[in-house]
Amino acid sequence: MKDGMKARSDIPSRAIEEAAEWSVLLMDEPGDLDLRRRFEAWRRRSTENAAAWVDIQQTIDLADEALPDHAHEWRAMAAPRRQRRAKAGRRRWLMPAAVVALAAVIGWSVLPGALLRLQADHVTATAELRTIGLLDGSTVTLGPDSAISVTFSPRERQVRLIKGEAFFEVAADRNRPFKVATPWAQASVLGTRFEVCLDDAGTKVAVEEGHVLVEGTHGRETLDPGQAIEVATTGTLQRVNLEAGSVAMWRQRLVYLKNRPMAEAVNEIRRYFPGRIVVTDDALAEQPTTGVFNLNDPEAALRGLAQAHGARVRRISPWLLVVSGS
């Protein structure tokens with residue numbers, strides 16, 4: 001390995017995935033100068049990005065020598081695009097290899113999912129909703145791409161939300177409090193209906209019925225029906241406004257956002273789309289968004305979201321959608 005170069009194990013998986021996506025985009029639009037400018041800004045942003053770019057280019061160079069299963073399907077998918085744009089540039093023939101490389105990266109990134117299953121008692125897949133009956137008569141509804149572990153003892157009932165979101169309908173038991181823990185917060189109840197969501201920013205708890213005690217490292221708050229709170233990764237608590245009927249709307253495959261960044265809406269849609277969604281413009285991703293989105297058709301929801309912001313969605317493959325400014 002050359003001096004200063006990182007081994008793949010030292011490169012964040014997100015950087016590897018982004019590098020693969022940039023490869024596909026640049027080979028699909030080799031003459032797009034604005035796209036090239038945004039790519040160069042991404043590559044210079046960190047040493048991890050630069051190392052990921054070198055790594056993915058090496059993967060593309062090897063793709064034709066060791067193609068994964070079903071590679072012929074990816075080649076067949078890319079062939080018409082290659083024929084239509086044969087005049088676009090000498091490297092157009094590399095498009096299938098780039099797509100294969102992206103497929104390989106997606107497969108490589110499945111490893112964290114396998115590790116997640118070792119920690120969890122219940123896991124859902126993309127677009128999957130599942131209701132689980134617990135031994136005490138309580139039920140948990142898991143949102144897509146979510147995971148929990150369950151530990152019951154004579155003194156308490158504890159569920160650990162490892163990933164995603166869950167809605168709890170807790171059977172009353174005064175002798176055994178029901179606790180839901182995340183890395184940043186804990187919610188305790190005796191019998192109620194409430195939602196807990198976990199993401200990179202922290203934990204959100206919203207109450208539909210009953211009362212919930214929420215604790216972070218910097219305080220505690222009791223929530224009544226129709227109230228919600230966010231606990232940041234720092235442990236600080238902040239109450240947030242909650243629209244009537246908006247608790248766990250994802251149970252109906254709906255998501256409601258009010259004046260939230262477009263990136264947050266895209267993240268919600270990603271949980272229902274069996275592939276990758278890439279937003280190429282950071283400024284676009286920060287645009288405020290308000291609306292209710294039907295996630296029964298995630299691609300249609302994404303196109304509606306993009307249209308509202310004057311953006312467009314391109315389908316690069318059945319597994320890759322790209323959102324960019326018009």
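Got at least one residue in the range 164-183 being over 21 Å from D224 (Cα atoms) and in contact with an Asp or Glu (Cβ under 6 Å, 6 or more places away or on another chain)?
yes
Output the residues belonging to the range 255-292 that are among the β-branched types (V, I, T) and more than 26 Å from S317 (Cα to Cα).
Taking the range 255-292 as the starting set, the residues that turn out to be among the β-branched types (V, I, T) are 255, 266, 269, 277-280, 289-290, 292.
Correct list: T289, T290, V292.
Working only within the range 15-53, note down all residues that are surrounded by fewer than 20 Cβ atoms within 10 Å (Cβ to Cβ) and either hydroxyl-bearing (S, T, Y) or part of a loop (DSSP other than H, G, I, E, B) (or both).
Within the range 15-53, E29, P30, G31, D32, R45, S46, T47 qualify.
Taking the range 271-307, which residues are closer than 15 Å to Y256 by Cα and without any contact (Cβ under 8 Å) to a residue 40 or more places away in the chain?
Scanning the range 271-307 gives P288, T289, T290, G291, F293, A301, L302, G304.
Based on this model, can you work out whether A265 counts as surrounded by fewer than 17 Cβ atoms within 10 Å (Cβ to Cβ) and not acidic (D, E)?
no
Determine which member of the set R260, R253, R276 is at positive phi and under 18 Å from the mean Cα position of the chain (by Cα).
Working: R260 fails: at positive phi; R276 fails: at positive phi.
Sole residue among the options that is at positive phi and under 18 Å from the mean Cα position of the chain (by Cα): R253.
Of all residues in the range 250-305, count the ones that are of a type outside the set (D, E, K, R), farther than 23 Å from E21 by Cβ and part of a helix (DSSP H, G or I).
2
Can you tell me which residue within the range 137-186, out of those that are among the hydrophobic types (A, V, I, L, M, F, W, C) and in contact with a helix residue (DSSP H, G or I) (Cβ under 9 Å, 6 or more places away or on another chain), is surrounded by the fewest Cβ atoms within 10 Å (Cβ to Cβ)?
Out of the qualifying residues, it is I162.
Hey, any hits in the range 170-191 for a residue that's in the same structural domain as A232 (by TED's automatic domain parsing), at pLDDT 95 or above, hydroxyl-bearing (S, T, Y) and more than 26 Å from the chain's Cα centre (by Cα)?
Within the range 170-191, one or more residues are in the same structural domain as A232 (by TED's automatic domain parsing), at pLDDT 95 or above, hydroxyl-bearing (S, T, Y) and more than 26 Å from the chain's Cα centre (by Cα).
Six or more apart or on different chains, Cβ under 9 Å: which pairs go from a residue in the range 239-261 that's closer than 14 Å to V205 by Cα to one that's among the hydroxyl-bearing types (S, T, Y)? Could you list them?
Pairs that qualify, where the first residue is closer than 14 Å to V205 by Cα and the partner is among the hydroxyl-bearing types (S, T, Y), are E243/Y256; S246/Y256; A248/T141; M249/Y256.
Just to verify a result, which residue in the range 16-40, among those that are of a type in the set (G, A, S) and within 23 Å of the chain's Cα centre (by Cα), is modelled with the highest pLDDT?
That would be A19.
Evaluate the range 239-254: report whether one residue or more is loosely packed, with under 14 Cβ neighbours inside 10 Å, closer than 23 Å to W184 by Cα and either aliphatic (A, V, I, L, M) or modelled with pLDDT of 90 or more (or both).
Yes, the range 239-254 contains a residue that is loosely packed, with under 14 Cβ neighbours inside 10 Å, closer than 23 Å to W184 by Cα and either aliphatic (A, V, I, L, M) or modelled with pLDDT of 90 or more (or both).
Considering only residues that are over 18 Å from R271 (Cα atoms), touching a Ser or Thr at 6+ places or on another chain (Cβ under 8 Å) and polar (S, T, N, Q), which ones fall in the range 132-160?
Within the range 132-160, T139, Q158 qualify.
The values are calculated or read from the model by the stated rules, or taken from the named source; none is laboratory data. Note that the structure is predicted; figures quoted are calculated from it, not measured. All Cβ positions, glycine included, derive from the backbone under ideal geometry; neighbour counts span all protein chains shown.
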